[in-house]
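Here the structure is laid out as structure tokens; the discussion comes afterwards.
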């Protein structure tokens, strides 16, 4: 507490000491320039895989990007905290540990399936520190044609792509010191230069470190990241090399709460932690991407992108299942998992644009992803899998339970799965009436191969899955007047098909089904008026669901007989309605229903963990002639079903965040002070009920103070 008060007092006093300098000789233009440079922005553009980098108004999809100034100003510690700005995205944890997963259009996007510079499998998994990235791009909707099938099997309702920082036109020297309550301190530096004729060679090096307790009682986080970007170009050739290192440690992570009762337990106090001190997660990733672009004349470009990641992680992950909703009595358990990943990805293609009155843009190419996962596990459940007694309201200390069940080699994990995804794509976009009408059609042929290995005999091959599928796309853009873009699309998502359960009564037991295609239909419009951009879309996504049906004689057959249908409306509004006032916000309504269920049970029920509606509103106001910027944000999430039967649900919640930035000049150099408070009211709430395996709740973060100071020199 003393550290917090000392820091807040120091932050408040600095502007007072700086005021005389401002009054005497501070160049106002430096302050204005610094405010403009650090303005939080949402850009209507993004990398659309096979189609390349496009402006939102030119494509039949919903895409936007959050810039690096937003990351710098809001001081997020994870990718999920960046995506809190998006009204169509919500964040949960997966797999019982510190693994962020995102909910877009009612479907999961695993951290494993977040793209980096357009490639799958290269970004760090589980938790991603945001300091290395120039933009965070969100694509709403299916993307199997654009990016290929996601190797983790998610990305059905949307995808996220990260772009590493690159050297800009202007030199940059920036040092930042930061603080997050309760006692998490750190700093970063960011240096950028261009050299040679016309700035042909660029270098950008940046790094960040932070360590200490966060606002959840007893939860400790330490993060180290280093990134390097190198690029070169001449008139026809461009070469980019991006390298990154990330190490993340989380001790005493507050876990999700599995509901083992017929009522939802009351939310513990906002900063409560029902984790045991011996739980931890250690993550380490080394990754890089190399890209080559060659112009073949005025209208054609050849490109090749390759990337690799070496990742390792281990941890003791805690689980809590509430047995009495009134008293909070619960059963605890633990799981130890060591894991390593070796991933490579490659994409190559040719892009050609021809014509004048009628234009055509051809894209042909292919991609490949190779992944090797080595892991083992130790269920620390104690004798008889009994676990240990605990309580989410008054958590006692417990010893680590004894090992109950081990799989694989805990000291040197061997391969458990090898994944190979190959694809070839082709598309043609025809432009009419000066590209005011754009019609896109394309196909991607995808081959999915997964080999799985036995945990218990040293890693013998247990099965091979190899299936192929074609995923088409059709999209139309019509621009009737300047600033208005209407669009429609039909596109699919793709994931590995399920395996029929091993059951004597199932006639196709063990059969591996073809890849599952979920089909999306979407119509919408985009409006650009001055510095404001608005988007509206209506969508429907149908996902086949597998289960067994009776075929007579006491026998059953497993197949894709069920369906989950997610229908919804999304609205986004971003920009600067008047100079110095910026807005980021919107709303989303998703009706996610179960259809064609087995025996009609749960027919028409809401899908678990999908909010009925979400809304965001974020404001920044540059107070005229003062160097001060005031910020505020509202995040609302509607009620969510907790179980398939819909007998349990968590209520809607709303959170408010406030902050300020102050820019002044010291020795002719701009200095920026930032202060923010997330969850100002210290509201206690269940933030998410989204979970792949069970009815589990994630508690929202408590009130969190953030402060930082940057100097550009």
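The values are calculated or read from the model by the stated rules, or taken from the named source; none is laboratory data. Source: prediction; values computed, not measured. A quick note on method: Cβ atoms are made from the backbone with ideal geometry, for glycine too, and the neighbour counts reach across all protein chains shown.
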Original post:
In the stretch 55-78, which residues are touching a helix residue (DSSP H, G or I) at 6+ places or on another chain (Cβ under 6 Å) and either assigned to a helix (DSSP H, G or I) or surrounded by fewer than 21 Cβ atoms within 10 Å (Cβ to Cβ) (or both)?
Top reply: 71
**OP:** Inspect all residues belonging to the stretch 232-242 and state whether any of them is in contact with a helix residue (DSSP H, G or I) (Cβ under 7 Å, 6 or more places away or on another chain), closer than 30 Å to residue 294 by Cα and either in contact (Cβ under 8 Å) with a residue 60 or more places away in the chain or not in a strand (DSSP E or B) (or both).
**Re:** no
**OP:** Check the stretch 637-660 and report whether any residue there is surrounded by fewer than 20 Cβ atoms within 10 Å (Cβ to Cβ), at pLDDT below 95 and not in a loop (DSSP other than H, G, I, E, B).
**Re:** no
Subject >> Filtered residues of the stretch 603-617 (kept if more than 16 Å from residue 568 (Cα to Cα), surrounded by fewer than 18 Cβ atoms within 10 Å (Cβ to Cβ) and touching a strand residue (DSSP E or B) at 6+ places or on another chain (Cβ under 6 Å)) >> reply: 617
Subject >> Matching residues in the stretch 681-700 - criterion: being over 17 Å from the mean Cα position of the chain (by Cα), more than 14 Å from residue 392 (Cβ to Cβ) and buried (at least 21 other Cβ atoms within 10 Å of the Cβ) >> reply: 689, 695
**OP:** Find the residue count for the stretch 527-564, including only residues that are within 30 Å of residue 155 (Cβ to Cβ) and either in contact with a helix residue (DSSP H, G or I) (Cβ under 6 Å, 6 or more places away or on another chain) or surrounded by fewer than 18 Cβ atoms within 10 Å (Cβ to Cβ) (or both).
**Re:** 16
**OP:** Only one of these is part of a loop (DSSP other than H, G, I, E, B) and either buried (at least 16 other Cβ atoms within 10 Å of the Cβ) or in contact (Cβ under 8 Å) with a residue 40 or more places away in the chain (or both): 625, 572, 631. Name it.
**Re:** 625
Subject >> Residues that are in a helix (DSSP H, G or I), under 30 Å from residue 667 (Cβ atoms) and touching a residue at least 24 places away in the same chain (Cβ under 8 Å), drawn from the stretch 26-54 >> reply: 28, 30, 31, 33, 34, 35, 37
Original post:
Among the strands (runs of 3 or more DSSP E) confined wholly to the stretch 157-231, which include 3 or more residues that are touching a helix residue (DSSP H, G or I) at 6+ places or on another chain (Cβ under 8 Å) and under 15 Å from residue 75 (Cα atoms)?
Top reply: 182-195
**OP:** Go through (1) more than 27 Å from residue 528 (Cα to Cα); (2) surrounded by fewer than 24 Cβ atoms within 10 Å (Cβ to Cβ); (3) within 11 Å of the chain's Cα centre (by Cα); (4) touching a residue at least 60 places away in the same chain (Cβ under 8 Å) and name the single condition residue 84 misses.
**Re:** (1)
Subject >> Failed item in (1) surrounded by fewer than 16 Cβ atoms within 10 Å (Cβ to Cβ); (2) modelled with pLDDT of 95 or more; (3) more than 26 Å from the chain's Cα centre (by Cα), with residue 357 passing the rest >> reply: (2)
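Rundown of residues vs (1) assigned to a loop (DSSP other than H, G, I, E, B); (2) on the phi > 0 side of the Ramachandran plot; (3) at pLDDT below 95; (4) within 27 Å of the chain's Cα centre (by Cα), yes/no style:
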{"position": "443", "(1), (2), (3), (4)": "no, no, no, yes"}
{"position": "448", "(1), (2), (3), (4)": "no, no, no, yes"}
{"position": "458", "(1), (2), (3), (4)": "yes, yes, yes, no"}
{"position": "465", "(1), (2), (3), (4)": "no, no, yes, no"}
{"position": "481", "(1), (2), (3), (4)": "yes, no, no, no"}
Original post:
Would you pick out the residues in the stretch 110-126 that are at pLDDT below 95 and either part of a strand (DSSP E or B) or under 25 Å from residue 180 (Cα atoms) (or both)?
Top reply: 110, 111, 125, 126
Subject >> Within the stretch 316-420, strands (runs of 3 or more DSSP E) holding 2 or more residues that are touching a residue at least 40 places away in the same chain (Cβ under 8 Å) and under 30 Å from residue 439 (Cα atoms) >> reply: 329-354, 359-375
